[in-house]
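Below is one structure, written out as structure tokens; the observations come after it.
The values are calculated or read from the model by the stated rules, or taken from the named source; none is laboratory data. Owing to the predicted nature of the structure, the values given are computational and were not obtained by experimental measurement. Ideal geometry is used to build each Cβ from the backbone, glycine not excepted, and the neighbour counts take in all protein chains shown. Surface accessibility is based on the protein's heavy atoms, side chains included, excluding ligands, DNA and RNA. Shrake-Rupley method; radii C 1.70, N 1.55, O 1.52, S 1.80 Å.
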Amino acid sequence: MTASTFSCWRLLSCLALSLAPGIAFAEPSLMQVQSAPALGPLLGARAIPGQVVVLRAQTGGRVEYVAGPVGTPVRADEVVVGLGTDALRAQRAQAEAAYQAAQVALGNGYSQYQVQLYNYGGGNSWNPFSWFGQGLAAMMGNQHNPWATYLANLDNRRAAAMQAQASLQSAAWHIREIDAEIRDAYGVSPFYGVILQKDVNPGDVVQPGQSLLVLGGAGPAQILVEVPTSMSDGLHLGDTLQVRAPDGSGTVIARVIQIAPEANAQTHTLAVKLALPGHTGIRAGDYVTVRLPAAQSAALGVAIPRSALLPGHSLPSVLVDVDGVTQLRVLRLGEPLANGMVQVLAGLRPGEIIVNTPPAGIGSGYHLVSTEQATSGADA
């Protein structure tokens, strides 16, 4: 095909494209395929709540109350699950009775101690000679020394009072322990959120440590992506990655906030969490895609204007100029890019010349703005 034949082909192509209803096209022009910056791979991920709390039973018992089914909103400090506390309240009544008994014993012990302290029965104030008689008896080896007996009785009263005081403290701490167990029988939401998972129903009997409810925070969601260890070298805390919304409406920028210290032994992946900005429209449970950073050794790809694709073909195709002769080239496309560009995975190489037919009013100048990776080395 000569140059004049190519010009005729250009004229026919322009005429055919101008006949498309509702679309006005400018004159076809030749443009050179340029390289596009290579980026990292695209991984599937899921959005998770920013806060997740698993409420577990701290004590055994029968479930009496559950706030609602999965999806029920809950407020901060709201009781969302409760166990029966009849047995604990009976124990508390017994502990209160023991506390009151210890109070009585303590009062009696101090009274007896005061009586013994101020009541020394060794002498008789009306008969002062009795003091000498008792003193003489003690000097003569009489074992019934009134002073020794007085001190021994005083120590016994003091010991009884101290034992009563210890019993009172023990009863008070026992009441506090039972109160803590009663509080543990009720699960309280630590934040405003929603019930993500319900593991029990009213009437179920649970054991300590058993899962009751899973709560999720109502704040901005986070992204959890499992990154293969071979692709995780370029990831660091604080990096920003592109996250595409589930409806494909656009991308948002998320920040890496957590990287698992070790890989999963079964999947050989690292769990990476990303923080989303507010009001992204991404909800917990949505499926999203995350673009990882490109490796420094990644090959460059190509991107072309979508207007260069020939209409009416079942497979994406373009016209390639090879030494003045146009050839039909079938392409394998990737994802749509910015500024009307499209990613080319196979079919073109950088530097090749293609025919571009932009709509009227759009300049034919090629300005590459690409954030996608394309694989060069096409199938000729």
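Miscellaneous remarks
- Scan of the range 79-103 for residues that are more than 20 Å from Ala166 (Cβ to Cβ) and open to solvent by less than 60 Å² (accessible area, probe 1.4 Å), ordered by number: Val79, Val80, Val81, Gly82, Leu83, Gly84, Thr85, Leu88, Ala90, Ala93
- Of all residues in the range 319-341, those that are at pLDDT 80 or above and either within 44 Å of the chain's Cα centre (by Cα) or closer than 26 Å to Leu42 by Cα (or both) total 3.
For (1) within 30 Å of Leu88 (Cα to Cα); (2) in contact (Cβ under 8 Å) with a residue 40 or more places away in the chain; (3) of a type outside the set (Phe, Trp, Tyr), each residue gets a yes or a no:
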{"site": "Asp199", "(1), (2), (3)": "yes, no, yes"}
{"site": "Gly203", "(1), (2), (3)": "yes, yes, yes"}
{"site": "Val206", "(1), (2), (3)": "yes, yes, yes"}
{"site": "Gln210", "(1), (2), (3)": "yes, yes, yes"}
{"site": "Ala221", "(1), (2), (3)": "no, yes, yes"}
{"site": "Val225", "(1), (2), (3)": "no, yes, yes"}
{"site": "Thr229", "(1), (2), (3)": "no, yes, yes"}
{"site": "Asp233", "(1), (2), (3)": "no, yes, yes"}
{"site": "Pro246", "(1), (2), (3)": "no, yes, yes"}
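- Residue selected from the range 222-266 under the condition open to solvent by 80 Å² or more (accessible area, probe 1.4 Å) and closer than 12 Å to Pro277 by Cα, by the criterion nearest to the chain's Cα centre (by Cα): Arg255
- Within the range 172-193, being in a strand (DSSP E or B) and crowded, with 17+ Cβ neighbours inside 10 Å holds for Gly187, Gly193.
- Residue in the range 117-124 that is modelled with pLDDT under 55, assigned to a loop (DSSP other than H, G, I, E, B), farther than 29 Å from Gln94 by Cβ and open to solvent by 40 Å² or more (accessible area, probe 1.4 Å) present: yes
- Subset of the range 342-365 that is open to solvent by 30 Å² or more (accessible area, probe 1.4 Å) and in a strand (DSSP E or B) - its residue that is modelled with the lowest pLDDT: Pro359
- Residue within the range 70-77 that is within 30 Å of Ser167 (Cβ to Cβ), open to solvent by less than 40 Å² (accessible area, probe 1.4 Å) and either part of a strand (DSSP E or B) or in contact with a helix residue (DSSP H, G or I) (Cβ under 8 Å, 6 or more places away or on another chain) (or both) present: no
- Identity of the residue in the range 194-223, touching a Lys or Arg at 6+ places or on another chain (Cβ under 9 Å) and part of a strand (DSSP E or B), that ends up farthest from Ala57 (Cα to Cα): Ile223
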